[in-house]
Amino acid sequence: MTSRIDTLVILGAGGDLTSRLLLPGIASYLASRDAQSVEIIGVDREDFSAAQWHKRISTAFASAPSALGTRVADASSYLRGDATNPDDLARVLAAAKGRVALYFALPPAVAELACRALSTMTLPAGITLVLEKPFGTDLRSAAALNRLLQTMVPEKQIFRVDHFLGKSTVLNLIGLRFANRIFEPLFSRDNVEKVEIIADESLGLEHRAGYYDHAGALEDMIQSHLLLVLALAAMEPPASLDAEDLRGSMAQVLRATRPWRKNGTSSRRARYGAGSVDGRRMPAYIDEDGVDPRRKTETLAQVTLAIDNWRWEGVPFIVRSGKALAESRQEVIVTFKEVPHLPAGLTGVASPSRLRVSLKPATLDLDLVVNGEGDPFTLDQSILHAELGEAELSAYGEVLADVLEGSSVISVRGDVAEQCWRIVEPVMKAWSKDLVPLETYPAGSLGPSEW
Ligand code: BG6
């Protein structure tokens, strides 16, 4: 398929997101689709020479065929400008040819200001606005941003990025659940004890205090990425994977989701102290550059959620994410209920069966209880393990494919973005009132010992 977007304007082209994820994502997409090139216009406040900007692009395209890197670099340009200034934006839009996508690779507050500036201008027909997560900073601001965007372009021209929806392993939850009779009928309160959705990272702050110290683990990971994973793990089967069906199913289950205790206290939060990860010393979070300890930002968050519908009533969904932990893992673990009766005469531990879907690395494990090898009447545990294939596109490549091809399947719909804030808001309130203590854990540990 060829690109429906002729020019991709990146606001915030000098930033880390552009060089680390966005440009390599474009490279991954263009290399895989043999698509026509797209013209990239980078915009930022810094002075970049044409040579510096081309170097940025060539570096990001290093693993793509060299002819592709050269073609894209030659067709791209850099404009110095302030994304919140209407005159600068007018200059940028005048330089953009054909169908334009405007990617806000900017912190949420600046992206909002840029949208306000754009809302006063006449925009090119068909322009796509691409907004990064977090979308807004709370329910109110997300709703206000949605209202503003609706005055500018139709919903199908708004793309809210959440790169977890571009991960093939996350999308694989759809195939796993709805293309296998052995799983789907079991995914309900009759058979499931609990569901855990975990994203632990061994990485620490990585010099991102400017953003992270305001967000923390709850907003950075749970509010966006993990609630969307929850939606795919718990939604009703959509009739098709077109944007309305899939996103409709996701929205429906998120509307039924709330904190287990409605006041948000079914949650835990902690912050890492000094320690070592993989033999590397890591300072305490509060000693990292740019951190304000008074903010009480958590680096590990866990929330237990309930889904008020027939399928999931009474099943806890435990969602957790943290930084500077002993190991990195991203998993959805479904623990099934114990069997109602074990034939007398079978001994050993009949631990419940579990389905473990690892999002990174891409693997699948089904823990089963079987008759043992030695004494056949003593139960043993056996694991069916599968390695899932590597995705053709990086998560950002997948996101950009949707943006450039004009699809909205993996764009977060406006109401879904608001639902995700609505779900975590009681937790944010409980934490701001100190109803949940802020615990500590040494960097490189598994978290606070009692968790
Ligand atoms: C980002 C968060 O959105 O996702 C980071 O801001 C986090 O804090 C990252 O590390 C995790 O994404 P991935 O693709 O490495 O699993």
(request) Might you let me know whether the range 111-119 holds any residue that is out of contact with any helix residue (DSSP H, G or I) (no Cβ under 6 Å at 6 or more places or on another chain) and within 16 Å of the ligand (Cβ to nearest atom)? (result) yes
(request) Report, ordered by the first and then the second residue, all pairs with beta carbons closer than 9 Å, sequence separation of six or more or different chains, a first member in the range 302-313 that is in a loop (DSSP other than H, G, I, E, B), and a second member that is acidic (Asp, Glu). (result) 309/236; 311/236
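For the subset of the range 390-408 comprising residues that are part of a loop (DSSP other than H, G, I, E, B) and more than 15 Å from residue 31 (Cα to Cα), which member is most open to solvent (accessible area, probe 1.4 Å)?
390
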(request) Please find, among 285, 212, the residue that is open to solvent by less than 20 Å² (accessible area, probe 1.4 Å), within 16 Å of the ligand (Cβ to nearest atom) and more than 17 Å from the chain's Cα centre (by Cα). (result) 285
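Can you tell me which residues in the range 155-170 are within 14 Å of the ligand (Cβ to nearest atom) and either in contact with an Asp or Glu (Cβ under 9 Å, 6 or more places away or on another chain) or assigned to a loop (DSSP other than H, G, I, E, B) (or both)? Steps first, please.
First pass over the range 155-170, keeping only residues within 14 Å of the ligand (Cβ to nearest atom): 160-170.
160, 161, 162, 163, 165, 166, 167, 168, listed by residue number.
Do we have any residue at all in the range 312-334 that's of a type in the set (Phe, Trp, Tyr), away from the ligand (no atom under 16 Å from the Cβ) and either touching a strand residue (DSSP E or B) at 6+ places or on another chain (Cβ under 6 Å) or farther than 21 Å from residue 173 by Cβ (or both)? Give the derivation first.
Here is the first cut: in the range 312-334, the ones of a type in the set (Phe, Trp, Tyr) are 312, 317.
Those left that are additionally away from the ligand (no atom under 16 Å from the Cβ): 312, 317.
Checking which are either touching a strand residue (DSSP E or B) at 6+ places or on another chain (Cβ under 6 Å) or farther than 21 Å from residue 173 by Cβ (or both) leaves us with 317.
Looking for residues that are of a type in the set (Phe, Trp, Tyr), away from the ligand (no atom under 16 Å from the Cβ) and either touching a strand residue (DSSP E or B) at 6+ places or on another chain (Cβ under 6 Å) or farther than 21 Å from residue 173 by Cβ (or both), one finds at least one in the range 312-334, hence yes.
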(message) I'm told residue 144 meets every condition in (1) assigned to a helix (DSSP H, G or I); (2) of a type in the set (A, V, I, L, M); (3) away from the ligand (no atom under 16 Å from the Cβ); (4) surrounded by 15 or more Cβ atoms within 10 Å (Cβ to Cβ) except one. Can you identify the failing condition by its number?
(response) (4)
(message) Could you check the range 217-235 and list, in sequence order, the residues that are more than 10 Å from the ligand (Cβ to nearest atom) and touching a residue at least 60 places away in the same chain (Cβ under 8 Å)?
(response) 218, 222, 223, 226, 227, 228, 229, 230, 231, 232, 233, 234
(request) Could you please find all residues in the range 345-389 being within 16 Å of the ligand (Cβ to nearest atom) and surrounded by fewer than 16 Cβ atoms within 10 Å (Cβ to Cβ)? (result) 360, 361, 363
(request) Look at the range 409-451 and say how many of its residues are buried (at least 18 other Cβ atoms within 10 Å of the Cβ), within 16 Å of the chain's Cα centre (by Cα) and outside any helix (DSSP H, G or I). (result) 4
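Listed here are the residues, each with its yes/no results for (1) assigned to a helix (DSSP H, G or I); (2) out of contact with any helix residue (DSSP H, G or I) (no Cβ under 7 Å at 6 or more places or on another chain).
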{"site": "246", "(1), (2)": "yes, yes"}
{"site": "250", "(1), (2)": "yes, no"}
{"site": "268", "(1), (2)": "no, yes"}
{"site": "271", "(1), (2)": "no, no"}
{"site": "276", "(1), (2)": "no, yes"}
{"site": "319", "(1), (2)": "no, no"}
{"site": "335", "(1), (2)": "no, yes"}
(request) Run down 407, 411 and say which single residue is under 27 Å from residue 34 (Cα atoms) and touching a Phe, Trp or Tyr at 6+ places or on another chain (Cβ under 8 Å). (result) 411
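Which residues, taken from the range 147-171, are open to solvent by 40 Å² or more (accessible area, probe 1.4 Å) and in contact with a Lys or Arg (Cβ under 9 Å, 6 or more places away or on another chain)? Give the steps one after another, and end with the answer.
Residues of the range 147-171 that are open to solvent by 40 Å² or more (accessible area, probe 1.4 Å), as a first pass: 147, 150-151, 154-156, 163, 168, 171.
If the condition is that a residue be open to solvent by 40 Å² or more (accessible area, probe 1.4 Å) and in contact with a Lys or Arg (Cβ under 9 Å, 6 or more places away or on another chain), then 155, 163 are the ones that fit.
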(message) For residue 239, only one of the following conditions fails: (1) in contact with a helix residue (DSSP H, G or I) (Cβ under 7 Å, 6 or more places away or on another chain); (2) closer than 25 Å to residue 436 by Cβ. What is its number?
(response) (2)
(message) I'm trying to understand the selection: among the residues of the range 278-328, which are modelled with pLDDT under 95, at positive phi and not acidic (Asp, Glu)?
(response) 279
(message) Checking residue 206 against (1) of a type in the set (Asp, Glu); (2) closer than 30 Å to residue 438 by Cα; (3) more than 12 Å from the ligand (Cβ to nearest atom), only one condition comes out false. Which one?
(response) (3)
(message) Can you find a residue that is modelled with pLDDT of 95 or more and closer than 23 Å to residue 185 by Cβ anywhere in the range 337-345?
(response) yes
(request) Among the candidates 391, 350, single out the residue that is closer than 16 Å to residue 167 by Cβ and modelled with pLDDT under 95. (result) 391
(request) Could you give me the residue pairs with C-beta distances under 7 Å whose first residue belongs to the range 97-120 and is farther than 16 Å from residue 86 by Cα, whose second residue is open to solvent by 10 Å² or more (accessible area, probe 1.4 Å) and aromatic (Phe, Trp, Tyr) wherever it lies, and which are 6+ apart or on separate chains? (result) 107/211
(request) Would you mind stating whether residue 130 is within 25 Å of residue 240 (Cβ to Cβ), crowded, with 18+ Cβ neighbours inside 10 Å and within 12 Å of the ligand (Cβ to nearest atom)? (result) no
(request) Please specify each residue of the range 91-103 satisfying the condition of being in a helix (DSSP H, G or I) and open to solvent by 50 Å² or more (accessible area, probe 1.4 Å). (result) 91, 94
(message) Here is a check on your reading of the model: is residue 106 not in a loop (DSSP other than H, G, I, E, B) and not basic (Lys, Arg)?
(response) no
(message) Pull out all pairs, ordered by first then second residue, where Cβ-Cβ is under 6 Å, the residues are six or more apart or on different chains, the first lies in the range 133-149 and is free of Cβ contacts under 8 Å to residues at least 60 places away in the same chain, and the second is open to solvent by less than 10 Å² (accessible area, probe 1.4 Å).
(response) 145/136; 148/115
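The values are calculated or read from the model by the stated rules, or taken from the named source; none is laboratory data. A quick note: this is a predicted structure, and the numbers were derived from the prediction, not measured. Don't worry about glycine lacking a Cβ; one is built from the backbone with ideal geometry, like all the others, and counts go over all protein chains shown. Just so you know, the surface numbers come from the protein's heavy atoms only, side chains and all, with ligands and any DNA or RNA stripped out. Shrake-Rupley method; radii C 1.70, N 1.55, O 1.52, S 1.80 Å.
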